[in-house]
Amino acid sequence: MRELLSRTIVAAATASILACSHVAGATLLDSLLVDESVVEYDSTGYEIAADGSATWRRLTRIFVADEDDVDEATIAIFEDQYVEIKEFHAHLYDAEGKELHKWKQGDLSRQCGFGESFILYSDICHYFKRIEVKSYPVVVETEVAYKVAKDFTAFLPDFHAQREIPLVRGVYTLSTPNDYRFTVLSHGEFSPPDSLIAEKRSMWKWSVENAPAFESEPFMPPPSLFKNSIEFAPTSFELERFEFDASTWRTLAAGHAEMFASCYDLSSSQLAIINTLKSRNLPPQQLVADLHDTLSSRSRYIAVEIGLSGWLPRPASETFAKQYGDCKDLSTMYAAMLTGTNVDARPALILTRDQGMVAADYPKLGFNHVILTCIDGNDTTWIDPTCFDCLPGDLPWVDEDTYALVVDPVNGDLVRTPLSTADQNLAVRNTHIYPTVGSAGEFSLELTCTGNLGHRLRAGMPGLDKEEMFGVLKSYGLIEDDVTLTGVDQPPASPGLSEFSFAFHGGDRQQSVAIPGKLYVDLSLIPIFSPAETTDLRERRYPLHLAYPRTYLDTCTIHLPSGYVAGDLPESRSYVGAFGGGDISFAAHDSTISMVRTRFIDHYQIDTSEFEAFSQFLDSCRTILDPKLVLRKLQ
Amino acid sequence: MRCSTIAKNWPKHWPKHWMRFWFACFLALTVSAFAEDKREFGEVTEAEMAYTLPEYYAEEGAAVLFETGSVEIPQPYGSNKIHFKFHRRCKVFNVSGADDAINVKIYLADGEKIRDLKAQTISADGTRKIEVKGDDIHEQSLDDYKILTFTFPAVEAGCFVEYKYEIRHERFLNLTPWYFQNDLYTKESSFSVIIHNGFEYFVVRRNVPLENEEPIVDTEYIWGEKCPKYTWVLHDLRPTKREPFRPAVRDYSPELNFQLTKFADRYNVLKFDRDWAKIGETFEDYLERNIDNRGDIEDAAEEALAQFAGGSSLDSAKYLYRFVRDNFKTSEESDYYYFDITGTKDLLEERVGTPSGKNLLLVEMMKAAGFSALPLLIGTRDHCMFSPNIIHTGQFNHVLCLVSVEDQYYFLDTQDKYAAFAFLPPECMAAGGLIIDGENSQIAQLTHPDRKTSISANARLRIDDSGAAVCSTHVTVCGHLLSTYRELLDGEIDEESIRDVLLENAENLKFDLNMATLNDYSVDDSVTIDLVLDLPQFCERIEDNAIFEPLLFAPRENPFKKSERMYPVDFRFKFSSYTTTDVTVGDGLKIVTLPEQVRENVNGIQFNRSTFGGGSSMRTVSQLIVGKEFFGVGEYPTLRETFEKVAQAGLERSAAEYVGSTSAE
């Protein structure tokens, strides 16, 4: 029986025994005819047994033409409490197919307990071997077979059909008992799978040939959105002892609701806080703000991943006592305590926007983060409890405008998180510029930032010295590269959550150009474009990702050098285009010129079809909002 | 009797975390005492509660209030092991800047056992203590290493985090070294040692202030014996910092190391290395373990020289050097061991090996070819400076090949394809080392031949009336700078690499690469690159002037961003940078503003820029000469200021007026 849903297949059928397609040994390779590195063969076979356990086989054969691509052939396998390496061998062949080396598991470097940089501990062991050879080309062939435990049923490996080097042939084979249900979602063009349906088991095989290399670009959206791949998801599974029905978002949310609720215990200390808050009879939004204030100031982000990436949150009381946890721990603590104050607070699962975007019509556990939404009638307040520097309602940009699965026992659903507006992400710069003739000019600047700019700077500055802080401001495009810091007028401060201020002075190497009788003063020390906006759009293939809308609000006083007066001042002008706009005005005084300028961009992503219009928009901004000032030399 | 225990602890590898033993003046300790940490776990004092950081460090997130290490070395009988006890208490001032205090990693080598690990957070007022539970202490592993990792709970500004543990091991030969300095400001760091009867250890003190060199001696009764206890205490140690062109941190940080020199009981007297010859003998055994096929090496040398066209002995030696340098790929050394030597068998089979492994192979191939060749141990420039008075292997982390040809000695290193015969890579230009020659091992002073090191760029810029430009440039990179520019020379020359390497990240400069030609490393120790760049938006038009930056290839970044410096500046080598730029403009333009003349001549650095011309053409010649490789902390402000002027000069702009305009008047 097969049901076809939109873009998905729900499969159930009869059986056969899966044997992962296997190309033994090395032969003289067709790819020797080419001079570029390729993945000659990438085969994944996943065979699910009747008891839910699985055998997962992977065979890759990579032709490495030169050293530049050797990292693509790095051997990397892993093991954790659910996935056990049963068989592994890897071979290195020369161009003629002669075996140069072979490795078994014990020959690989082993790292256990390490995860990504933000993880304190992860109960996974990685084994790897970087290929080092004197001459190229070589072929690296790796075969690994994992035994997957029967309680690891929530996830199926995806078919990644595009890599950093071309893929000649990729095959993905899935074998299941007939009563096993899963869904499929393809990204890119794939032929329908070959299927073999027998009495008790079914097998499907997807294949792809000659997939081109994927070449990423700076400031692009997550590459996963553009790579050819096929996702698989079981429609029901057991996770951390909880049963999940993943056939719809609503049922998936309901399963999580049960799991999260099991962790909503509260200690007496938490109850005391809750009772204090309740006794004040605050409106819900104020109550949320007060509790966030209390919790964010005493909590730290620490990820300890045990089990299925630690899918099950730690009890709320434990997180509260330790004052640390990861996203799901902290969100659970928030949700438990807010629920205690009668605020309708629910955890929400998201895939952060820097990593991808879940497909709205494809229910799957494709999330990497947990945040929180508080509902008050028609109003919602979103909180990311890992953003200790954020105001309630002020999500970090990676959480903005992405799908969130709101956890609820009955009415959970996939909703879109809000996007901040340009005027919420504000950089206010009050600058004094002292141009000089024949040497670097000086300047002083008072900076205040709010929103994404504010809390990111707030979070990023502690532990840095003043020069390092200055470097951070440059990396954000808040001051230009060619300025130097000579002193701090007001150390970095954070008057409130999502707010950051810093005042300093320094030198600007590019401030003025003297020509006979004139001095051109450059205001570019206070840039109006973020680094992403200055990206070369010629021949760009992917959208430009600007992260979040923003506004620069500048007041600038130019102190005239001795012997100079203001020339013809640029006109006061305003400009509004398709992507944003701004305005600028000047006024001359006895010894100074003052400028007031606003520039905003209300998009966070520019699609390729918009590049031409966006370039024109930037040119207009540059022409209107970033003029040179002309000072005339007194005769 | 466990003498074998002592002997077997001479390691096959040289793990970094445990072999950082040091040298300096020697103090023989032959007494016994019991090292004792007198600070009670969890007892925060009033003074600690009131403690604040010195004003200069006020922005640090945390401080080490104290850390104590103490070692007791029992007699090596039965199951006796060395006990190393550690106790540290930190005060947290700002949670988000206190990672080094609140996230802990404890490294354990193979054979080390940890016990009595206790950790807790103490509230700011000292009344509340929250223990780190066993479930929250996690074990990581990196091959043979184990790492215990944990974080403190309930951390808030003002609180204290404290932990202690004991490690037991059998590494009698070299005790765990003691480093007084941390990444955090350290109010007090102390180390005590007690050595039971029969042992003699060298105490090696490095960079310990003179007034603290001699330990405090107490007398205590341990197990009925009256024992002196030696304790070193340092106070108010500043946090270590990363800085560009930093020399080896160990040359400036206080450390204590202990090396066993003798063990005696009523049956045995065992002596351990005390002079360079004995250290060399021992090390020769270690190196020998990596040479496992002399017959194959002889065959390889013979095979290599079969291709040699003939010539003098020196030509033959040069040929062998190039053979190993160019026919065996250099792999990275492990971060975890001082010496990571690929065995000669693996090297010959796989043609890939670590730098020390390749150099050891070269020694053997030279010998097979009839040359007198020996391994030479050095410490690389980021490891530590060689001191002949400190008889300790901890000074070394690298093997060179020393070869004698026609009565001349040459120091060779095969790791860098941009090192011609007898030129060592900058990191290997040590002042001295240890020649490994069995009982004849001896220290040697290394002299390094002058190596012309420079980068020059001769650029011709043609600016047309639209403000676009074409730039033809001939770049020559010589000497040690070849390694610095490896990213460009070894990879693909494209817009990105040119921008990153030659244009010093001139982010806003838009250009297309029209042509690039790289000429391979030549016998004159240089590489040349010819480039043609199209710069469609080279000039910015303001009124009737075209504004441009003529010095595309001049240095434009000051590497010294910080106003203060903790360590001296070690460039590793002297170098110079020359840039000549010839600009011509189209008929519709006239150059009206030229870069200013600049002359700087401070101790060790010269910078000159001269500009000529005007009208239809101009020439700018820029010359930076760094005439010494080492600048003390006291010289840093001048050095920084000079480099700032160099950067400013590189960014200076010129103006060309559109002919016929009157706006300039």
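The values are calculated or read from the model by the stated rules, or taken from the named source; none is laboratory data. Predicted model, so just to flag it, every value in this text is computed and none were measured. Glycine also receives a Cβ, built like all others from the backbone with ideal geometry; neighbour counts cover every protein chain displayed. Surface areas here come from the heavy atoms of the whole protein model, side chains and all, with no ligands, DNA or RNA. Shrake-Rupley method; radii C 1.70, N 1.55, O 1.52, S 1.80 Å.
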Could you point to the residue in B:C539, B:I463, B:A277 farthest towards the positive end of chain B's charge dipole, with +1 and -1 charges on the Cβ of Lys/Arg and Asp/Glu respectively?
-> B:A277
If you take the charge dipole of segment A:400-529 about its Cα centre, with +1 on Lys and Arg Cβ and -1 on Asp and Glu Cβ, which of A:L405, A:L519, A:A440 is farthest toward its positive end?
-> A:L519
Per residue, what volume in Å³ does the convex hull of the Cα atoms of the protein assembly as shown enclose?
-> 208 Å³
Which of the peptides B:196-202, B:278-284 is most tightly packed, and how do the rest follow, going by the mean number of other Cβ atoms within 10 Å of each residue?
-> B:196-202, B:278-284
Can you give the helix-only mean residue ellipticity at 222 nm for the protein assembly as shown, where every DSSP H stretch with n ≥ 4 adds -39500 (n - 2.57) and the sum goes over all residues, rounded to the nearest 500 deg cm²/dmol?
-> -4500 deg cm²/dmol
Using a 1.4 Å probe, what is the accessible area per residue for segment A:183-241, in Å²?
-> 51 Å²
Which of the aspartates and glutamates could be linked to A:K278 by a straight reach, that is with a Cα gap under 17 Å, when you skip same-chain ones fewer than 8 residues away?
-> A:D290, A:D293, A:D344, A:D376
How well do other chains shield peptide A:297-304, expressed as the mean number of their Cβ atoms within 10 Å of each residue Cβ?
-> 5
Excluding residues fewer than 8 places away in the same chain, name every one of the lysines whose C-alpha is closer than 22 Å to that of A:K147.
-> A:K86, A:K104, A:K129, A:K200, A:K205
Calculated over segment A:496-635: convex hull of Cα atoms, volume per residue (Å³) | 141 Å³
Protection proxy ranking, peptides B:320-333, A:315-328, B:625-638, average beta carbon neighbours within 10 Å, highest first = A:315-328, B:320-333, B:625-638
Using alpha carbons only: equivalent-ellipsoid semi-axes of segment A:61-183, gyration tensor based, whole Å | 28, 20, 14
Average the reciprocal distances over every distinct pair of alpha-carbons in chain A, invert the result, and give the Kirkwood radius in Å.
-> 28.1 Å
Nearest-20 debye value, chain A charge dipole, Cβ charges on Lys, Arg, Asp, Glu | 700 debye
Quick one: which residues, 5+ away or cross-chain, put their amide H under 5 Å from the amide H of A:I302? H built at 1.01 Å from N.
-> A:G325, A:D326
Placed amide H near A:E40: partners under 5 Å, 5+ positions off or other chain = A:R61, A:I62, A:F63, A:V168
Sequence order, segment B:160-167: Karplus ³J(HN,Hα) from phi using 6.51 cos²θ - 1.76 cosθ + 1.60, θ = phi - 60°, Hz rounded, Gly and Pro as x, gives 10, 10, 9, 8, 8, 7, 10, 10
Which residues qualify? For A:T486, with a placed amide H closer than 5 Å and at least 5 residues away or on another chain, they are A:H505, A:G506, A:G507
Using protein heavy atoms only (no ligands, DNA or RNA), what is the total accessible area buried between A and B, 1.4 Å probe, nearest 100 Å²?
-> 4700 Å²
Positive-end extreme of charge dipole, segment A:261-329 - chosen from A:C263, A:Q286, A:L312 (charges on Cβ) = A:Q286
May I ask you to evaluate 6.51 cos²θ - 1.76 cosθ + 1.60, the Karplus curve with θ = phi - 60°, for each residue of segment B:545-560 and list the ³J(HN,Hα) values in order in whole Hz, giving x for glycine and proline?
-> 10, 9, 9, 8, 9, x, 8, 4, 9, 7, x, 10, 10, 8, x, 9
At 7 Å along the Cα-to-beta-carbon direction for both A:K86 and B:N197, put a label point, then send me their distance in nm to one decimal.
-> 6.3 nm
Convex hull per residue volume in Å³, alpha carbons only, for segment B:137-198 = 156 Å³
Shape call for segment A:220-271, from the Cα gyration tensor axes a ≥ b ≥ c (a/c under 1.5 means rounded, otherwise prolate when a/b beats b/c, else oblate), comes out oblate
Please compute the Cα-Cα pair-distance distribution of segment B:485-626 with 5 Å bins starting at 0, giving whole percents from short to long.
-> 2, 7, 14, 17, 19, 17, 13, 7, 3, 1, 0
Hz values of 3J(HN,Hα) by residue in segment A:409-423 - Karplus curve (6.51, -1.76, 1.60), Gly and Pro given as x | x, 10, 10, x, 6, 8, 10, 9, 6, x, 10, 6, 9, 4, 7
So, with a 1.4 angstrom probe, what is the percent of accessible area on segment B:47-144 that is carbon and sulfur?
-> 45 percent
Accessible surface, chain B, averaged per residue in Å² (probe 1.4 Å) | 42 Å²
Counting other chain Cβ atoms within 10 Å of each Cβ in B:638-648 and taking the mean gives 2
Please average, across the residues of A:513-525, the number of beta carbons from any other chain that are within 10 Å of each residue's own beta carbon, and give a whole number.
-> 5
Straight-line reach check, B:K318, cutoff 19 Å on alpha carbons, 8 or more apart in-chain or any other chain, hits among lysines -> B:K329, B:K358, B:K367, B:K417
Please state the charge dipole magnitude for chain B, taken about the Cα centre, from unit charges on C-beta atoms (+1 on K and R, -1 on D and E), reported in debye and rounded to the nearest 20.
-> 1720 debye
Kirkwood-type radius of segment A:179-320, with distances r between different C-alpha atoms, in Å = 20.4 Å
For segment A:132-155, residues shielded by at least 50 square angstrom of accessible area compared with the chain on its own, probe 1.4 Å = A:E132, A:K134
With +1 on each Lys and Arg Cβ and -1 on each Asp and Glu Cβ, and nothing else charged, work out how big the dipole of the protein assembly as shown is about its Cα centre, in Debye to the nearest 20.
-> 2300 debye
